[in-house]
Structures are given as C-alpha cells and as structure tokens.
Amino acid sequence: MPQIENTELLDRILKSTLSVIGRRTSEPYAKMIVGGILKKLSSKYVFLNLIKIEKDSFKEDSNLLDIDEKVNNVEFNLIADLITDLMITLANQMGKDAGFYFIKEIKEDIPYNYEIKIKDAGVNLEYIQSKFLTEIKSNFRYSIENHQVVKYVFSLIYQIIEDDFGKKYAFETLSELILRLSTQYDMLRYVKINDVTAVQNVDIITVSKDIDRLDEKDVGLSVQKIVQEISNDLSDKKSFSLIKKLKSNLSLDYSIKLQEMDVNFEVIKLKQSILVKKIIKTILDVLSFSSSESYAVLILNNVIKSHSIKYGFLNFIQIDTQKLTKGIDAINIPDEFNNISPSELGRSIQRIMEKLITTIGEEAARTFLDRFKSGIGKPVLVRMEEIGVNLHMIELRQNFL
C-alpha cells in the first residue's frame, strides 16, 4: 500500500470531519466545533499548533486546512492517539446520540486505505461507535421485539400517508401492498391493516407476536425492502418524500434498533448515479490497498472500457485522477444513469466485477471481494443485489477456477 504521510492523513480526516458536521449543521459551526476541539487537545498534542483551519468558505479550489510539513516528523502513534481523542471528544461534545451518527458518517467518508492505515495503528472507529451505542442503549428501559418494530414502522408509514393523502388512501395503499407482497415476504403474514373507518376501537396495525420467532436480521431486511416498495409506489407524488419524513419522525430507540437489524432507510433513496459512484470508489480503495492509486485507476478504466461497446453508458464514467484525495468527488457519473434500466445497469456492474477478478491476479483476487464487501457496507450491497449484482456467484466461479 502506498505510504500515507501524517499531513495527508490528518488533512483527509479533518476535512471529512468538517464536511460531515457542515452538512448536518453549517460550515461556520463545523469550523467552530473542530477548531475548538483542536485547541482543547493542543495541550496534550503540541504539534496541533502546526495545524490551522482557514477562514475561507468551503470551496472546491480552496485550501481549507494549513498543515505544516513538520507534522510528518511526529511519531505516528501520536497521530493515531489524536484521531481517537478527536472522535471521542467530538461525540461527547455533540452529545452521544448525535456523536454516534457523526462518527458513522465520518467513517463512511474516509477512503478505505486511510481507514486501514489508522486501524493498523489501533484506531478503531467501529469500536468507538459501538462504545457510544452501548452507552445509549443502556438508557433504554426495555428490549424492543420484532413485533414492536414492525408495528411501529407500519404505523408511522400509515400516519405519514394519511397526513398527506387521507385515511382511506393510507388504508388502501398499505392493504394492497401487503396483499401483493405477502408471498414474497414471510413476515407479512403476521401483519394486518385494519380499516378503522369500519371497525371501532381497534389498532390501525395489528402484528402477531409470533413474528418474534423470526431472525431479527431477516425481519429487518424485509422491512427495508417493503419500505422501498412503498416509496417506489408513491414516487409519482413529486412533492412527497416518504423516506425523508420517515427518518425525521423515527424515535431514537427505534432508530438504533433498526440499525441493529441492518435497516438503512438512507440507501433506499440512493440514486443509481450515486450507487455507481460508491461502487467505483470502493473498487478503487480496495485496488489501491495493494497497489497505487494510479494503477488502480488504470486497471479499472481498462475493465470499464472493455465492456463499453455492449454497455454504451459506461463511456460516461469519468475518474479525475487530480481529485483522488477527495474521495467520491473524484468520480463523475452523469444523472442520466438514473434513467438506465436497473437490470441493465446491474448486468454491466456484474461484468465489471467479474472481469476485475480475472485481471488483478490470483493473490489479489483472493481478498478483493471480502475487502469490497467490507468497504461498501451491507446496506449498499443489498441495493446492488436489487439491481441484479450477484457477488456470491462471482465467488463461486472464483473458487471453482
């Protein structure tokens, strides 16, 4: 893996931190928070005096951070300790609940090779996340069961639809959906939507406790796919965003429980252009781990080009080698990708992944898929499966060869 200097690593970590906080709040607030934390930690890490956050706004061509080259002379274990203290202090300052989500998003924003670099030095962002998650969960007074989760989510969806389109439309929409999907999702046989306009003193949603016997991960996967089906059915309502309203109305305890069940509503509204960006970025991160970034780009560009005759839209994928340190922003995918048939897009990605496995060599191929799946995360993998990308089939073929 190419050597990553202290200055480069801290630049990436701090920019990701500023970017995530800035998206959630504002740019000035992000600078104030991060600047305050760095000042607070400077008594422990003297070299922080060599790092300055510029006052200019977040601009594409501006140097947001000024990091003196002398930072490269600092022992790397001190850099690793600083990153750990930075994340813990950030989470505590933002409040453990919000801090948990900030660390999660920062981790997702950091390129895979940077994450491996700090992880090798003992900085485990997942552990820090889980530490705060444990503390948050310890405040809950009860354990949430499958039937409670399903009832809560369906009741919330019903209420959201009713508020916009009326009680009758909400009842008909959910009733028809459950009837249509009941053969596909086993958990739906435990769910019933009651017509409260016809029957008095009955809950809108009834969920049998027998659903608690099912594996919660399986229930979570079904919940995510069903919510996506509902969202797709309502997609023609231009001003209506089910996912946005659902996320903003989730209580913290159920939000955390849904995360434990591998439910990620954010990925449901993931456009195909963004999905391809994430796939390309993760491939580059994994390839760069055992080679150089320039070689990774060369290999991937060649593989994409080899399939561009059959899948013409692949010609419009552009990787800006001058912006690789900016992560996903280095990859340009036009919005037209959102209009491509999902199955056609899935087939093109499947062919790219298959070709890569045979191109990078036997030794690199052994770990490629594991690193890819770990880097891109389960929610996005589920989204890939939905458009027809079958990584399991590639693994079977690889093992056979």
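Hey, can you tell me all the residues within the range 392-401 that are surrounded by 16 or more Cβ atoms within 10 Å (Cβ to Cβ) and either of a type in the set (A, V, I, L, M, F, W, C) or modelled with pLDDT of 80 or more (or both)? So that I can check it myself, show each step before the final result.
Taking the range 392-401 first, the residues surrounded by 16 or more Cβ atoms within 10 Å (Cβ to Cβ) are 394, 398.
Ile394 - this is the single residue of the range 392-401 that is surrounded by 16 or more Cβ atoms within 10 Å (Cβ to Cβ) and either of a type in the set (A, V, I, L, M, F, W, C) or modelled with pLDDT of 80 or more (or both).
Are there any helices (runs of 4 or more DSSP H) wholly within the range 152-263 with 3 or more residues that are modelled with pLDDT under 85 and under 21 Å from Val380 (Cβ atoms), and if so which?
Details: elements: 167-181, 216-233, 242-249, 252-260.
Passing ranges, in order: 216-233, 242-249, 252-260.
Please find, within the range 272-325, the residue that is modelled with the lowest pLDDT out of those that are closer than 18 Å to Ala365 by Cα and of a type in the set (Phe, Trp, Tyr).
If we take residues in the range 272-325 being closer than 18 Å to Ala365 by Cα and of a type in the set (Phe, Trp, Tyr), then Phe289 is modelled with the lowest pLDDT.
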**OP:** Provide a single number: the residues in the range 378-391 that are β-branched (Val, Ile, Thr) and either assigned to a helix (DSSP H, G or I) or surrounded by fewer than 18 Cβ atoms within 10 Å (Cβ to Cβ) (or both).
**Re:** 2
**OP:** Any residue in the range 86-106 that's at pLDDT 80 or above: show its pairings with residues that are not in a helix (DSSP H, G or I) at Cβ separation under 9 Å, as long as the two are six or more apart or on different chains.
**Re:** Met87/Val123
**OP:** Only residues that are outside any helix (DSSP H, G or I), in contact with a helix residue (DSSP H, G or I) (Cβ under 8 Å, 6 or more places away or on another chain) and modelled with pLDDT under 85: list them for the range 331-377, please.
**Re:** Ile360, Gly377
Original post:
Can you pull out the residues in the range 375-396 that are free of Cβ contacts under 8 Å to residues at least 12 places away in the same chain and under 27 Å from Glu126 (Cα atoms)?
Top reply: Leu381, Glu385, His392
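Any chance you could count how many residues in the range 112-129 are outside any helix (DSSP H, G or I) and modelled with pLDDT of 80 or more? I'd like the intermediate steps shown before the answer.
Initial filter on the range 112-129 (outside any helix (DSSP H, G or I)): 121-124.
Next cut, modelled with pLDDT of 80 or more only: 123.
Number satisfying all stated conditions: 1.
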**OP:** Return a yes/no flag: does the range 301-324 have any residue that is in contact with a Pro (Cβ under 9 Å, 6 or more places away or on another chain), under 30 Å from Glu5 (Cβ atoms) and part of a helix (DSSP H, G or I).
**Re:** yes
Subject >> Residue list for the range 16-33, restricted to those being in a helix (DSSP H, G or I) and either exposed (fewer than 14 other Cβ atoms within 10 Å of the Cβ) or modelled with pLDDT of 90 or more (or both) >> reply: Arg23, Pro28, Tyr29
**OP:** Could you list all residues from the range 292-315 that are under 21 Å from Arg347 (Cβ atoms) and surrounded by 14 or more Cβ atoms within 10 Å (Cβ to Cβ)?
**Re:** Ile299, Leu300, Asn301, Val303, Ile304, Ser306, His307, Ser308, Tyr311, Phe313, Leu314
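Sort out which residues of the range 356-377 are of a type in the set (D, E, K, R) and surrounded by 16 or more Cβ atoms within 10 Å (Cβ to Cβ), and write them in order of number.
In the first step, residues of the range 356-377 are kept if they are of a type in the set (D, E, K, R); the result is 362-363, 366, 370-371, 373.
Once the filter is applied, which keeps residues that are of a type in the set (D, E, K, R) and surrounded by 16 or more Cβ atoms within 10 Å (Cβ to Cβ), the range 356-377 yields Arg371, Lys373.
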**OP:** Among what's in the range 245-303 and is basic (Lys, Arg) and touching a residue at least 24 places away in the same chain (Cβ under 8 Å), pick the residue that is nearest to Ser155 (Cα to Cα).
**Re:** Lys245
**OP:** State which residue is nearest to the chain's Cα centre (by Cα) when the search covers only the range 151-203 and only residues that are closer than 18 Å to Tyr254 by Cβ and of a type in the set (D, E, K, R).
**Re:** Lys151
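The values are calculated or read from the model by the stated rules, or taken from the named source; none is laboratory data. Model, not experiment: these values are computed from the prediction. Neighbour counts are summed over all protein chains in view; Cβ atoms, including those assigned to glycine, are modelled from backbone coordinates with ideal geometry.
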